[in-house]
Amino acid sequence: MNRSLRGALALLAATQLLLIMDTAIINVALPSIGADLGSGSAGLSWVANAYLITFGGLLLLGGRTADLVGHRRLFVAGLVLLAAASAAGGVARSAGALVAARAAQGVGAAFAAAAAFALLLLLFPDGPARHKALGAFAAMGGLGGVLGTVLGGVLTDLLGWRSTFWLNVAVAALLGALALRLLDGRSPAHGPPGTPGTGRGFDLLGALTVTGGLGLVAYGLVGRSLPAGAAGVVLLAAFAVVETRAARPLVPPAVLRRPALRLANCLGALAQMALFPMFFLVSLYLQSVLDHSPLAGGLGLLPLSVVVVATAPQTGRVIARLGLRATTALGFGLLLAGMVWLALALSADGTFFTTVLAPSLLLGAALPLVMVTTNVAATAEASPEETGLASGLINTSQQFGSVLGLAVLVAVATSRTDTADPATATAGFQAALLTGAAFAAVAALLSVRLGPPVPVPAPPRQERVGDPR
């Protein structure tokens, strides 16, 4: 890998780190935000939910827009919007203003995330190089969760919650400036600077129905609103009809007929339905049952993240030795075993070392295996003109898996949890983790059906990297 490609990969992986870190930081800062702005628990929940709704609702549109207007252009625009919205959050004087800023942050994050993933697919054709690059993404995701928890506690304690938003401003601005320098060549998906991207028109009706549908479904899940969720499903059904009749569809139906792509997106969603709530539940268990501080609760996930960072770069070698299907099945098998082990190990009178540590190490090995393999399978069949679409689809699947899994597992935990009684609280966490294990079991069974994708031949490698637009 030459120096230009290494620099581009570092930039794109750092963007992944920023987006994961931001979510963790805000979760830690929420109590301080509520105390300062005088917001109740309902208002505080929307500081997190507003981001999730816009981020999840716009990932698919962002990915396809990147194909049409230019990947680097949308990447930089997303970072600029993220920085501006973070600055607005840093000076917000009311809960309403902060919620609006968080919604705008979600828009910028969706555009930056979709474009970053598409750029990675363009720069690294399917094969060992892409597997290593996806491993770097997975490692940064694991590191971002813990780093965000630690920084959130430190910054909130020392400088106040507003400093967490200004950190976003500084990092996003730096990444945007580096993008203009590191992503200054031509993309394999496009011709010389100034030529049209894909030659396609824009499917406005498809964009409106899918964005509205995904946004309403996200709202229905995080806000537990059945009417909103139902309206979202209706809009998504309308989107499916629109795509069969559009001259230039946002999501060509032929793409969705690819078996490997469909199954990989399903597996990506199931992986996040188990993994994302697990982080939340473990941190809550450490704090509410074992009486750890919020910072100590976050640090309890540090060993898991260390294993993720160590394992992720080796995932490409495992795929090369075992094959994609076997590696995927191995990853979900480890995820299932780790979730069951963790659920059975929890105890009201235990310690971190006797309950969480050992199973979390197994989960740390499972996480990069399932994330890298599902991303490989979901994107290997994408042509250069479909990289944004492929990235938008798998990112959307994973995001909605996270939201749905969190809604389901938290509901299971709270239905059996009396926070005043450590024993019943532990029973609630155990039931939730076993539900997550059931999702992992379904994924493990499905993974054996994963056939080898048929990759699109890569065009000749360009001297420079990125997208000029």
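Across the chain, C-alpha contacts under 8 Å between residues 6 or more apart give a mean separation that, scaled by the residue count, equals a relative contact order of 25 percent.
Taking the Cβ of Thr311 as the center, what net charge do the other residues with Cβ under 15 Å away carry, scoring Lys and Arg +1 and Asp and Glu -1?
Details: positive: Lys132, Arg317, Arg321; negative: none.
The answer is +3.
Sorting Arg130, Arg258 by accessible area (1.4 Å probe), largest first, what list results?
Details: Arg130 15, Arg258 55 Å².
So the residues, ranked largest to smallest area, are Arg258, Arg130.
Summing Lys and Arg as +1 and Asp and Glu as -1 over all other residues whose Cβ lies under 13 Å from the Cβ of Val242 gives a net charge of 0.
Residues His292, His131, sorted by accessible area with the largest first, give His292, His131 [1.4 Å probe; ligands and nucleic acids excluded]. Once you reduce the range 251-310 and the range 73-110 to the center of their Cα atoms, the two points are 24 Å from each other.
Normalised per residue, the accessible area of the chain is 38 Å², obtained with a 1.4 Å probe and no contribution from ligands, DNA or RNA. A Stokes-Einstein calculation at 20 °C with viscosity 1.002 mPa s, built on the Kirkwood radius of the chain over Cα pairs, returns a diffusion coefficient of 96 µm²/s. Taking Cα centre as origin and charging only the Cβ of basic (Lys, Arg, +1) and acidic (Asp, Glu, -1) residues, the dipole magnitude of the chain rounds to 1260 debye.
For Tyr285, the solvent-accessible surface computed with a 1.4 Å probe is close to 0 Å², ligands and nucleic acids excluded. From the helices alone, meaning DSSP H stretches of at least four residues, give me the mean residue ellipticity at 222 nm for the chain, per-run term -39500 (n - 2.57), in deg cm²/dmol to the nearest 500. Result for the chain: -27000 deg cm²/dmol, rounded to the nearest 500. Axis of helix 95-123 versus longest Cα principal axis of the chain: the two differ by about 50°, to the nearest ten degrees.
Helix 204-223 and the longest principal axis of the C-alpha atoms of the chain enclose an angle of approximately 10°. Ligands, DNA and RNA left out, the 1.4 Å accessible surface of the range 8-91 is 69% carbon and sulfur atoms.
Computed from Cα positions, the angle between helix 41-69 and the longest principal axis of the chain comes to roughly 20 degrees.
Leaving ligands, DNA and RNA out of it, rank Val307, Val210 by accessible area with a 1.4 Å probe, largest first. Each step should come with its number before you reach the end.
On the way: Val307 35, Val210 5 Å².
From most accessible down to least: Val307, Val210.
Accessible surface for Ser4 stands near 60 Å², nearest 10, in the context of the full protein assembly shown (1.4 Å probe).
The values are calculated or read from the model by the stated rules, or taken from the named source; none is laboratory data. Everything numeric here is computed off the predicted structure, so don't read it as measured data. As a convention, Cβ positions derive from the backbone with ideal geometry for all residues, glycine included, and neighbour counts pool all protein chains shown. The area values use the complete protein model at the heavy-atom level, side chains included, leaving out ligands, DNA and RNA. Shrake-Rupley method; radii C 1.70, N 1.55, O 1.52, S 1.80 Å.
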